[in-house]
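The values are calculated or read from the model by the stated rules, or taken from the named source; none is laboratory data. Bear in mind that the values here come from a model prediction, so they are computed numbers and not experimental data. Reconstructed Cβ throughout: ideal geometry from the backbone, glycine too, with neighbour counts over all protein chains shown. Side chains included, ligands, DNA and RNA excluded: accessible areas come from the protein's heavy atoms. Shrake-Rupley method; radii C 1.70, N 1.55, O 1.52, S 1.80 Å.
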Amino acid sequence: YGTDASNKRSTYYFRKLVTLTDAPTTNSAFTLNYTVDDGFIVYVNGTEAGRHNLTGTATYATLASTANSNPDTGSLTLDP
């Protein structure tokens, strides 16, 4: 966040290229394992695929529903 500790960014964006060797079927399972502080939304090809600890319409300034003192861990099953 630079030299001003009171001027932190609340949002960061990350991209990850995933290449599938075969087209998914209706029986395919995709699991996203995460460690997060405090919340996230994951998009696949521009469509929301899951979220944790965020509600409503999100913008770059949206804060998580609750602040966590320790990172949350878990997994989400994504629709193929």
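Counting heavy atoms of the protein chains alone, SER6 has an accessible area of about 110 Å² for a 1.4 Å probe. The alpha-carbon atoms of the chain, seen along their principal axes, cover 48, 22, 21 angstrom, with the largest extent given first. Each of ARG51 and LEU63 was given a label point 7 Å from its Cα along the Cα-to-Cβ line. The distance between the two points is 1.7 nm. Taking every protein chain into account, the accessible area of the chain amounts to 86 square angstrom per residue (probe 1.4 Å). Evaluating 6.51 cos²θ - 1.76 cosθ + 1.60 at θ = phi - 60° for every residue in the stretch 32-40, the Karplus couplings come out as 9, 8, 9, 10, 9, 9, 10, x, 7 Hz, glycine and proline recorded as x. Based on every Cα atom in the stretch 35-76, Rg and the maximum pairwise Cα distance Dmax equal 10.5, 32 Å. Considering only THR47, THR26, THR66, the mean-square fluctuation computed in a Gaussian network model of the chain, springs between alpha carbons under 10 angstrom, is largest for THR26. Under the combined filter of DSSP loop state and at most 16 neighbouring Cβ atoms within 10 Å, the chain retains these trypsin sites (Lys or Arg not before Pro): LYS8, ARG9, ARG15, LYS16.
Multiplying the residue separation of ASN70 and THR3 by 0.36 nm and removing their Cα-Cα distance gives an extension gain of 21.7 nm. Counting pairs of alpha carbon atoms under 8 Å apart in space and at least six apart in sequence, what relative contact order in percent does the chain give? Answer for the chain is 37 percent. Karplus-based coupling profile of the stretch 44-59, in residue order and whole Hz: 10, 6, x, 10, 4, 10, x, 7, 9, 6, 9, 10, x, 6, 9, 10, with θ = phi - 60° in 6.51 cos²θ - 1.76 cosθ + 1.60 and x standing for Gly or Pro.
Of the accessible area of the chain, computed with a 1.4 Å probe over protein heavy atoms only, carbon and sulfur atoms account for 49 percent.
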